[in-house]
1. Ranked highest first by average number of other Cβ atoms within 10 Å, how do 229-238, 120-129, 37-46 line up?
2. Which distance in nm do the two modelled labels at D141 and S205 give, with both placed 7 Å along the Cα-to-Cβ direction?
3. Please report the accessible area of E171 (heavy atoms, 1.4 Å probe, ligands and nucleic acids excluded) in Å², nearest 10.
4. Stretched out fully, how many nm does the piece from L32 to K109 gain, at 0.36 nm a residue minus the Cα gap?
Amino acid sequence: MKCHVPGPNVKVLARTVHALARFGDELYLESLPDCILLRTLNASESAYAMVKLNKNFFSHFNYNYYSIENDGLKCKISMKSALNAFKSPAHMDKQVENLEIKLDPHSSKLIFQLKCKHGIVKTHYVSILDCKAMQAIYTKDLVPNRITSSQRLFSEAIGNFQCSDDQVTLEVTSESLIIKNFGDTPTDLSRIIRSQVTIKPFEFSSYTIGTDTNITFTMKEFRALLGFAEGLNLPVQLHFEITGKPAVFIVHNGTTIEAHFVLATSKPDIATQYTSQQTTNSERKRKDDSNDNNISAKKAHLEEDLLNQFQEDSNLFNYIPNNISQNVIENINNLEKADSIDTNRDNIPASPTSKMKIASVFKRCFESTFDPRIIHGVVLAENSDSD
């Protein structure tokens with residue numbers, strides 16, 4: 001296989017690889033006479049993605065360039081290696097003029113050769129892990145429910161949900177479509193924020209509902225396919241049946257590219273959620289009752305302690321033993337006698353004062369005004385000049 005991708009389409013191919021990388025860790029490539037198929041599958045096998053690049057997507061296309069057989073070539077490569085060849089998809093159309101993809105059946109490498117501006121050529125040799133294809137079986141035509149909408153409508157709707165939400169539920173009726181987050185454990189019911197968005201049929205490009213149903217699928221892959229549709233500015237088609245059947249999201253422009261994103265669905269277990277909620281409420285009620293009982297017991301105990309203390313304090317005033325009363329009376333009599341003796345004694349004289357006088361350091365300050373006649377004839381300082 002050998003094909004050339006023009007500069008503007010290199011950006012589309014780069015966005016495609018980055019979108020598929022959010023689904024799975026391995027990329028399956030298959031060349032057919034009229035197109036190239038890129039496929040991937042997530043680890044839990046609950047999400048599958050397929051992108052079909054038609055022949056007119058390429059400026060040159062030869063699916064059996066290195067082989068004379070009519071069968072196309074198939075290979076599986078690591079998604080991480082493919083991402084290394086398509087870094088910065090938003091700017092690749094400004095840097096890359098042409099991309100050449102080559103796959104030789106006798107080689108163990110898939111070659112991506114990017115011819116950039118100023119004569120720069122970048123060549124990536126990606127190791128082939130296996131030579132096999134992957135195909136998922138699903139139905140997208142004979143389904144009763146079909147919805148077509150711009151990706152912006154879905155993106156704005158899921159923008160109201162938390163990043164930690166793992167799953168999203170669609171409740172579909174002929175009158176409205178309700179998008180809400182889904183939690184399947186009691187801890188989720190007590191901790192997550194419940195979000196719900198209602199969209200009326202007139203907001204969609206087309207809205208055909210044959211069977212009212214509820215479907216639940218993963219939020220991660222849903223965000224990934226919406227990001228892919230936003231990058232290409234294309235609408236999103238949703239084809240689905242009932243719960244338990246896969247939901248198929250289709251993004252295509254009708255000429256060069258078509259993408260199918262298949263997500264496994266499950267029905268939210270209302271009974272389980274109701275039982276879990278009842279269990280949570282009963283546990284919370286039991287805890288509240290237990291706390292109330294503890295508070296009541298503590299209150300009763302405290303009241304009993306206060307009552308006992310009050311009774312003890314009351315007994316202190318109401319009851320005094322005979323021996324203690326006699327001792328107290330004797331002590332009081334002794335104190336009264338001591339007071340009477342003290343009153344009859346002579347008064348104790350005051351402490352004698354010291355006869356020595358302390359000379360004042362600043363006594364000159366308290367004398368009369370200084371008289372210069374006292375130092376008449378005494379030279380205090382000689383003249384420094386002899387004249």
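The values are calculated or read from the model by the stated rules, or taken from the named source; none is laboratory data. These numbers were taken from a predicted model, which means no experiment stands behind them. Here Cβ is always computed from backbone atoms with ideal geometry, including for glycine, and neighbour counts include all displayed protein chains. What goes into the accessible areas is simple: the full protein's heavy atoms, side chains included, and nothing from ligands, DNA or RNA. Shrake-Rupley method; radii C 1.70, N 1.55, O 1.52, S 1.80 Å.
1. 229-238, 37-46, 120-129
2. In this crude spin-label approximation the distance works out to 2.1 nm.
3. Roll a 1.4 Å probe over it and E171 shows about 50 Å².
4. Values: separation 77, 0.36 × 77 = 27.72 nm, distance 1.89 nm.
Result for the pair: 25.8 nm of gain on full extension.
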